[in-house]
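The values are calculated or read from the model by the stated rules, or taken from the named source; none is laboratory data. Since the model is a prediction, treat every value here as computed from it, not as a measurement. Neighbour counts are summed over all protein chains in view; Cβ atoms, including those assigned to glycine, are modelled from backbone coordinates with ideal geometry. Note: areas computed on protein heavy atoms with side chains; ligands, DNA, RNA excluded. Shrake-Rupley method; radii C 1.70, N 1.55, O 1.52, S 1.80 Å.
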Amino acid sequence: MEQQLKQLQTEALTQIETAADLKQLNDVRVAYLGKKGPVTEVLKGMGKLSAEERPKMGALANEVRGAIASAIEAKQTTLEQQAIQEQLAKETVDITLPGRPVKTGNHHPLTRVVEEIEDLFIGMGYSVAEGPEVEKDYYNFEALNLPKGHPARDMQDSFYITEDILLRTHTSPVQARTMEKNTEKGPVKIICPGKVFRRDNDDATHSHQFMQIEGLAVDENISMGDLKGTLETFMKKVFGEDREIRLRPSFFPFTEPSVEVDVSCMCGGKGCNICKHTGWIEVLGAGMVHPNVLEMAGYDSEKYTGFAFGIGAERIAMLKYGIDDIRLFYTDDLRFLKQFSVHE
Ligand code: PHE
């Protein structure tokens with residue numbers, strides 16, 4: 001009987017050892033330790049043993065059960081641990097796997113040009129100002145030295161909403177508004193990008209809505225030299241260090257003297273279609289703020305002088321990126337817009 005019991009223990013222990021999962025292990029438990037299991041079966045033969053041997057066999061049987069039970073327990077812990085590890089391995093997120101690319105948009109070419117110019121002027125101590133697109137006749141014209149009936153009003157065909165309200169024809173009203181708002185009547189340095197509107201027929205170079213960037217610097221002793229230096233820095237930054245500018249006399253009612261500013265062409269003066277074989281490209285209007293404009297905004301024009309300029313953002317973008325039709329900025333053609341993506 002001793003032999004049989006030991007034999008059973010060895011058998012059970014190998015089966016426990018080779019059990020591959022918790023289910024197999026449970027089968028082993030039921031088979032060896034269950035009521036109808038072989039150990040119980042062997043013990044049924046106890047009656048045939050001598051009174052001396054019986055307790056010995058009883059003790060041995062308990063030992064065998066105990067050994068099997070603790071082997072099962074140990075194996076169970078190992079298998080459970082193994083199952084947890086497998087589960088964890090299965091659920092691991094592979095962080096090295098490249099993500100699916102997300103389609104992103106990009107900035108409109110005009111926005112890029114405007115932001116570049118803003119950054120440049122912010123670096124020179126300017127702040128960015130804003131004004132309404134639906135404007136009073138007073139700020140769009142009168143406060144800029146263009147009283148009602150002034151012939152120069154015809155330079156800019158306007159969309160009137162009422163007799164006194166119109167869509168602003170330029171960003172210059174922001175000059176008047178900024179100076180008027182400044183209660184200290186001291187120095188001012190602003191740039192103002194924004195939409196403007198004119199009654200033009202749209203074609204490759206005209207758009208009834210376009211974008212201007214206005215600049216205004218007012219302080220004591222501001223001179224034409226400051227204007228020229230500022231615009232030269234501006235143009236070299238936008239188009240390249242090799243570019244030059246020239247000023248030509250012009251007329252605006254709100255500046256005196258007034259100038260048109262040309263930038264040297266990328267053809268280097270050899271003459272090309274862009275500069276119409278002149279070597280120069282007209283880019284903006286500018287001048288010294290008219291004393292009347294300063295006075296109307298409450299400034300002492302004896303003490304303060306200033307310069308102002310107004311530039312068409314589309315024109316800059318067209319020259320910078322070689323775009324030949326202003327309408328492309330406003331027709332949302334993705335084939336055009338995607339060319340300005342920084343992601344592809
Ligand atoms: N407002 C003028 C225009 O739209 C440009 C300009 C601005 C000229 C400031 C001089 C000074 O044509």
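Taking residue 96 as the residue in question, decide whether it is open to solvent by 80 Å² or more (accessible area, probe 1.4 Å) and either farther than 30 Å from residue 334 by Cα or part of a helix (DSSP H, G or I) (or both). Break it down stepwise before answering.
Working: open to solvent by 80 Å² or more (accessible area, probe 1.4 Å): yes; either farther than 30 Å from residue 334 by Cα or part of a helix (DSSP H, G or I) (or both): yes.
Taking the combined requirement at face value, the residue satisfies it.
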- All conditions in (1) open to solvent by 60 Å² or more (accessible area, probe 1.4 Å); (2) of a type outside the set (Lys, Arg); (3) within 18 Å of the chain's Cα centre (by Cα) are true of residue 113 except (1)
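Can you confirm whether residue 171 is within 18 Å of residue 315 (Cβ to Cβ), in contact with a Cys (Cβ under 8 Å, 6 or more places away or on another chain), part of a loop (DSSP other than H, G, I, E, B) and not charged (D, E, K, R)?
On the way: within 18 Å of residue 315 (Cβ to Cβ): yes; in contact with a Cys (Cβ under 8 Å, 6 or more places away or on another chain): yes; part of a loop (DSSP other than H, G, I, E, B): yes; not charged (D, E, K, R): yes.
Answer is yes for this residue.
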- Note on the structure: Pairs returned, first residue in segment 297-320 that is on the phi > 0 side of the Ramachandran plot, second residue that is near the ligand (Cβ under 10 Å from one of its atoms) and of a type in the set (A, V, I, L, M, F, W, C), beta-carbon separation under 6 angstrom, 6 or more apart or interchain, are none
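Applying the selection to segment 139-187, what residues are within 16 Å of the ligand (Cβ to nearest atom) and open to solvent by 70 Å² or more (accessible area, probe 1.4 Å)? Steps first, please.
Of the residues in segment 139-187, the ones within 16 Å of the ligand (Cβ to nearest atom) are 139-146, 150-159, 166-179.
Those that are within 16 Å of the ligand (Cβ to nearest atom) and open to solvent by 70 Å² or more (accessible area, probe 1.4 Å): 151, 154, 155, 157.
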- Task: Six or more apart or on different chains, Cβ under 9 Å: which pairs go from a residue in segment 142-163 that's among the charged types (D, E, K, R) to one that's away from the ligand (no atom under 13 Å from the Cβ) and open to solvent by 100 Å² or more (accessible area, probe 1.4 Å)? Could you list them?
- Result: 142/136; 142/148; 157/199
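What residue, among those in segment 233-251 that are hydrophobic (A, V, I, L, M, F, W, C) and not in a helix (DSSP H, G or I), is nearest to the ligand (Cβ to nearest atom)? Explain how you work it out, then say what you get.
As a first pass, look at segment 233-251 and keep what is hydrophobic (A, V, I, L, M, F, W, C): 234-235, 238-239, 245, 247, 251.
This time we only want the ones that are not in a helix (DSSP H, G or I), so: 245, 247, 251.
Values: 245: 15, 247: 12, 251: 10 Å.
Only one residue fits best here, namely 251.
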- Residue count for segment 188-198, restricted to those that are within 14 Å of the ligand (Cβ to nearest atom) and open to solvent by 60 Å² or more (accessible area, probe 1.4 Å): 1
- Item | Qualifying positions in segment 155-182 - in contact with a Leu (Cβ under 7 Å, 6 or more places away or on another chain) and of a type in the set (Ser, Thr, Tyr) | 158, 160, 172, 178
- Can we say residue 214 is under 30 Å from residue 323 (Cα atoms), away from the ligand (no atom under 16 Å from the Cβ), out of contact with any Lys or Arg (no Cβ under 7 Å at 6 or more places or on another chain) and in the same structural domain as residue 131 (by TED's automatic domain parsing)? no
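Name the one entry in 205, 230 that is surrounded by 13 or more Cβ atoms within 10 Å (Cβ to Cβ), away from the ligand (no atom under 14 Å from the Cβ) and touching a residue at least 40 places away in the same chain (Cβ under 8 Å). I'd like the intermediate steps shown before the answer.
Details: 230 fails: away from the ligand (no atom under 14 Å from the Cβ).
When all the criteria are applied, what remains is 205.
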- Could you name every one of the helices (runs of 4 or more DSSP H) located completely within segment 1-91 that has at least 2 residues being exposed (fewer than 11 other Cβ atoms within 10 Å of the Cβ)? 2-18, 53-91
